[in-house]
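Have a look at the structure below, then the notes.
The values are calculated or read from the model by the stated rules, or taken from the named source; none is laboratory data. Quick caveat, the model's predicted, so the values are computed rather than measured. Ideal geometry is used to build each Cβ from the backbone, glycine not excepted, and the neighbour counts take in all protein chains shown. Surface areas here come from the heavy atoms of the whole protein model, side chains and all, with no ligands, DNA or RNA. Shrake-Rupley method; radii C 1.70, N 1.55, O 1.52, S 1.80 Å.
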Amino acid sequence: MKKSSMVWGVILIVAGLFLLVDNLADLRILSMERIWPVFILITGLAFEFAYFSKKQNPGFLVPGGIITVIGLLFFFETFTNWRFAAYTWPVYPLAVAIGLFQLYLFTQRERGLLVPIFILTAVSVVSFAAMFLNTIQKWVDLGIVLPILLVVFGVIILLRNILKKSE
């Protein structure tokens, strides 16, 4: 028996068992409500493939990067039942930055592209940080923690200076 036939046999058995468990346990992992991001992801990957297969038309990299990232985000959102959608919105400007960064990396590296890449990335990072701090603030009183941190860092700076002078 050919080795490839064995591999295909195992693949078909695993796929069949997965589908059977999915249907019997009513997991709906392979339902349209869960896998519709595949169509977005395939579109993004098609743009990526269009560039990388021939190394021509670098303009495909921008929509490829954007749509691929958005497809991955939608996969995450559908499998978490959109619980984090209020927190993942900074991925949208980050997706554009990733598409532009691909264009920068795989073309003549025009420095003008770095400006929108930096701005979009900064907007995303600052937004994620603000949401993270807002979430932390719900559990920790920053009115107490921030002054304590300032005092601790001040003491560390003073101790470093004292220790350097004594050496």
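Kindly establish whether residue 31 is among the polar types (S, T, N, Q), under 26 Å from the mean Cα position of the chain (by Cα) and at pLDDT 90 or above.
It is false that residue 31 is among the polar types (S, T, N, Q), under 26 Å from the mean Cα position of the chain (by Cα) and at pLDDT 90 or above.
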Matching residues in region 119-155 - criterion: being among the aromatic types (Phe, Trp, Tyr) and farther than 23 Å from residue 100 by Cβ
132, 139, 153
Take region 1-60 and flag every residue that is of a type in the set (D, E, K, R) and either closer than 30 Å to residue 108 by Cβ or touching a residue at least 40 places away in the same chain (Cβ under 8 Å) (or both).
33, 34, 48, 54, 55
Residue 61 - would you say it is open to solvent by 30 Å² or more (accessible area, probe 1.4 Å), in a helix (DSSP H, G or I) and more than 30 Å from residue 20 (Cβ to Cβ)?
no
Here are 125, 115: which of them is of a type in the set (A, V, I, L, M), over 30 Å from residue 54 (Cα atoms) and surrounded by 10 or more Cβ atoms within 10 Å (Cβ to Cβ)?
125
Go through region 76-131 and count every residue that is assigned to a helix (DSSP H, G or I) and either within 21 Å of residue 61 (Cβ to Cβ) or among the aliphatic types (A, V, I, L, M) (or both).
37
Filter region 130-165 for residues that are more than 34 Å from the chain's Cα centre (by Cα) and either open to solvent by less than 90 Å² (accessible area, probe 1.4 Å) or among the aromatic types (Phe, Trp, Tyr) (or both) and give the result.
152, 154, 155, 156, 161
Looking at region 86-105, which of the residues that are farther than 16 Å from residue 125 by Cα and aliphatic (A, V, I, L, M) is most open to solvent (accessible area, probe 1.4 Å)?
105
Failed item in (1) within 24 Å of the chain's Cα centre (by Cα); (2) at pLDDT below 85; (3) part of a helix (DSSP H, G or I), with residue 41 passing the rest:
(2)
